[in-house]
Amino acid sequence: MSSATLPTSATGEATLSPSAIARSLPLLPRNLVLGFLHGYRATISHTYGDVCKYYPSCSAYAVGAVQQHGAAKGSVLAAARLARCHPWAEGGIDDVPSKPRYQYELTRHGFVVPSVRKD
């Protein structure tokens, strides 16, 4: 998966350590949806080009929403954004609402992994 299909804010430098595999299991649905979104951005999204009235684009918004809020809530936020995106929309900057207690890190491919514990 190329990180070139992701905005810089949607990537990081974290890696999944062997000791964190068990803690990463609850993140599996989130990362499966992110895998689908990465595939969409790498293939179908390039067909349409840069036509979104909003910044970030709808697919980049979906990536950020799923990364921050999880598969279920992130998908709902992305669907609401898609509903706002129509020919009569004014557009503009529309960032994903931030999650106050975001406790994960991102890999260079945009997948979510548990933060390293500082025991």
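Taken together, the values in this text are just the output of simple stated rules run on the coordinates, not laboratory data. Bear in mind that the values here come from a model prediction, so they are computed numbers and not experimental data. Cβ: placed from backbone, ideal geometry, glycine included. Neighbour counts: every protein chain shown.
Set side by side, the residues Ser115, Ser98 differ, and just one is surrounded by fewer than 16 Cβ atoms within 10 Å (Cβ to Cβ) and touching an Asp or Glu at 6+ places or on another chain (Cβ under 6 Å), which is Ser115.
Pairing each residue of the stretch 83-97 that is of a type in the set (Val, Ile, Thr) with any residue that is exposed (fewer than 10 other Cβ atoms within 10 Å of the Cβ) and part of a helix (DSSP H, G or I), provided the two are 6+ apart or on different chains, yields no C-beta distance under 8 Å. Take Arg30 and tell me if it is basic (Lys, Arg), surrounded by fewer than 17 Cβ atoms within 10 Å (Cβ to Cβ) and touching a residue at least 60 places away in the same chain (Cβ under 8 Å). The answer is no for Arg30.
Only one entry in Leu106, Leu77 is part of a strand (DSSP E or B) and either out of contact with any Cys (no Cβ under 8 Å at 6 or more places or on another chain) or touching a residue at least 40 places away in the same chain (Cβ under 8 Å) (or both), namely Leu106.
Selection over the stretch 80-103 of residues that are more than 16 Å from the chain's Cα centre (by Cα) and assigned to a helix (DSSP H, G or I) gives a count of 2.
Here is a yes/no grid of residues against (1) outside any helix (DSSP H, G or I); (2) touching a residue at least 24 places away in the same chain (Cβ under 8 Å); (3) surrounded by fewer than 21 Cβ atoms within 10 Å (Cβ to Cβ):
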site: Ser19; (1), (2), (3): no, no, yes
site: Arg23; (1), (2), (3): no, yes, yes
site: Leu34; (1), (2), (3): no, yes, no
site: Arg41; (1), (2), (3): no, yes, no
site: Thr47; (1), (2), (3): no, no, yes
site: Ala60; (1), (2), (3): no, yes, no
site: Lys73; (1), (2), (3): no, no, yes
